[in-house]
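Student: My questions will all concern the structure given below.
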Amino acid sequence: MNTHYHGDHTGGNAAFGVDAPIIAQTNVRNRLSTEQKSKFFNRTTPASPKEALPVITFDQSVSVFFNGEEIKVIHFPHGHTDGDSVIFFTGSNVVHMGDDFFAGRFPVVDLEAGGDVEGMTKNVGDIISNLRPGVKIIPGHGPLSDAEGLKAFHRMLAETTDIVRKRMAAGKTLEQIKSEGLPDEWKTWGSGFIKTDVWLELVYRSLSAKRS
Ligand SMILES: [Zn+2]
């Protein structure tokens, strides 16, 4: 199962696809089938070879009955990308968030592939309201987490987006917004791949794309 198209989550497809059918949301196969360019991250990803493409695709959701439990794969629109799925292992009460969750870090939001910061916030909020007690949560990046960890991530998304939204409403430029930074509370969240100033720019660009 691919949670989205990025190479660090689909790089094993060509090897695993020989023995097992690869399952993914429709947009994952579409993006893997063609060259993908990201100006923001200065990255070009060539089209994948045929053997690396998902062979079972779905638009909204699919269930796989395996290993004694129902595994629900549910598409959440426009969060990290336009093809994200979250995987619910219903018997063992484990949720794999894909890259809709970076534990304790600012996330990558692939705006050029249909990602959206507010969409990610909404999706994560919807998932939180349906968690069962004792759930284990696997993030796309960072250590194994739980409901508390996902709630902290959701609060970070909502509060830092609100800060950027208010600065934009006050007429501040991207450079001003970046130089003002974020409250100390969010300092350690910038220690991963996405630094604080890059996160502020992603939020700014995500909000700007909707205004225009
Ligand atoms: Zn990703």
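Just so you know, all these numbers are worked out from the coordinates, no wet-lab data involved. Remember, it's a predicted structure, so these values are computed and weren't measured experimentally. Positions of Cβ are generated from backbone atoms using ideal geometry, with glycine treated the same way; all protein chains shown enter the neighbour counts.
Student: Restricted to the range 89-114, and to residues that are assigned to a strand (DSSP E or B) and within 16 Å of the ligand (Cβ to nearest atom), which residue is nearest to E201 (Cα to Cα)? If you could, list the steps in order and put the result at the bottom.
Tutor: The initial filter retains those residues of the range 89-114 that are assigned to a strand (DSSP E or B), namely 89, 94-96, 102.
Narrowing the set further to residues that are within 16 Å of the ligand (Cβ to nearest atom) leaves 96, 102.
Working: H96: 27, F102: 17 Å.
Result: F102.
Student: Can you name every residue in the range 1-29 that is free of Cβ contacts under 8 Å to residues at least 40 places away in the same chain, away from the ligand (no atom under 13 Å from the Cβ) and not aromatic (F, W, Y)? Write out each step before concluding.
Tutor: Here is the first cut: in the range 1-29, the residues free of Cβ contacts under 8 Å to residues at least 40 places away in the same chain are 7-8, 11-12, 14-22, 29.
Imposing the further condition that a residue be away from the ligand (no atom under 13 Å from the Cβ) reduces the set to 12, 14-22, 29.
Correct list: G12, A14, A15, G17, V18, D19, A20, P21, I22, R29.
Student: If you take the residues in the range 120-173 that are within 16 Å of the ligand (Cβ to nearest atom) and not in a strand (DSSP E or B), which one is nearest to H6 (Cα to Cα)? Please lay out each step first, then the result.
Tutor: First pass over the range 120-173, keeping only residues within 16 Å of the ligand (Cβ to nearest atom): 120, 123-124, 138-142, 153, 157.
So of that shortlist, the ones also not in a strand (DSSP E or B) come out as 120, 123-124, 139-140, 142, 153, 157.
Numbers: M120: 16, N123: 19, V124: 19, P139: 15, G140: 11, G142: 16, F153: 21, L157: 21 Å.
That would be G140.
Student: Out of the residues in the range 168-200 meeting the condition of being of a type in the set (V, I, T) and under 23 Å from the mean Cα position of the chain (by Cα), tell me which one is surrounded by the most Cβ atoms within 10 Å (Cβ to Cβ).
Tutor: At the first step, the residues of the range 168-200 found to be of a type in the set (V, I, T) are 173, 177, 188, 194, 196, 198.
In the following step, the residues that additionally are under 23 Å from the mean Cα position of the chain (by Cα) were identified as 188, 194, 196, 198.
On the way: T188: 10, I194: 20, T196: 17, V198: 16.
Once the filter is applied, the top-ranked residue is I194.
Student: Same structure again: Just to verify a result, which residue in the range 30-60, among those that are part of a helix (DSSP H, G or I) and over 16 Å from G83 (Cα atoms), is nearest to the ligand (Cβ to nearest atom)? It would help to see each step written out before you state the result.
Tutor: So the first thing to find is which residues in the range 30-60 are part of a helix (DSSP H, G or I), and the list is 30-33, 50-52.
Now narrow it down to the ones that are over 16 Å from G83 (Cα atoms): 50-52.
Values: K50: 22, E51: 22, A52: 16 Å.
Taking the candidates together, the pick is A52.
Student: Do we find that V64 is more than 20 Å from the chain's Cα centre (by Cα) and touching a residue at least 40 places away in the same chain (Cβ under 8 Å) in this structure? Full working, then the answer.
Tutor: Numbers: more than 20 Å from the chain's Cα centre (by Cα): yes; touching a residue at least 40 places away in the same chain (Cβ under 8 Å): yes.
The answer is yes for V64.
Student: Which residue is nearest to I163 (Cα to Cα), if the candidates are limited to the range 115-135 and must be in contact with a helix residue (DSSP H, G or I) (Cβ under 9 Å, 6 or more places away or on another chain) and of a type in the set (S, T, N, Q)?
Tutor: In this case the residue turns out to be T121.
Student: Criterion first (of a type in the set (A, V, I, L, M, F, W, C), crowded, with 20+ Cβ neighbours inside 10 Å, under 26 Å from D19 (Cβ atoms) and within 16 Å of the ligand (Cβ to nearest atom)) does V86 satisfy it?
Tutor: Details: of a type in the set (A, V, I, L, M, F, W, C): yes; crowded, with 20+ Cβ neighbours inside 10 Å: yes; under 26 Å from D19 (Cβ atoms): yes; within 16 Å of the ligand (Cβ to nearest atom): yes.
Considered against the rule, which asks whether it is of a type in the set (A, V, I, L, M, F, W, C), crowded, with 20+ Cβ neighbours inside 10 Å, under 26 Å from D19 (Cβ atoms) and within 16 Å of the ligand (Cβ to nearest atom), V86 comes out as yes.
Student: Sticking with this one: Applying the selection to the range 65-89, what residues are β-branched (V, I, T) and closer than 19 Å to I137 by Cα? Before you say what the answer is, go through the steps one by one.
Tutor: Filtering the range 65-89 for residues β-branched (V, I, T) gives 71, 73-74, 81, 86-87.
Across the range 65-89, the qualifying residues are I71, V73, I74, V86, I87.
Student: Then there's this: Would you confirm whether or not the range 126-133 contains a residue that is touching a residue at least 60 places away in the same chain (Cβ under 8 Å), surrounded by 15 or more Cβ atoms within 10 Å (Cβ to Cβ) and either touching a strand residue (DSSP E or B) at 6+ places or on another chain (Cβ under 7 Å) or under 15 Å from Q25 (Cβ atoms) (or both)?
Tutor: Residues of the range 126-133 that are touching a residue at least 60 places away in the same chain (Cβ under 8 Å), as a first pass: none.
No, there is no match, as no residue in the range 126-133 is touching a residue at least 60 places away in the same chain (Cβ under 8 Å), surrounded by 15 or more Cβ atoms within 10 Å (Cβ to Cβ) and either touching a strand residue (DSSP E or B) at 6+ places or on another chain (Cβ under 7 Å) or under 15 Å from Q25 (Cβ atoms) (or both).
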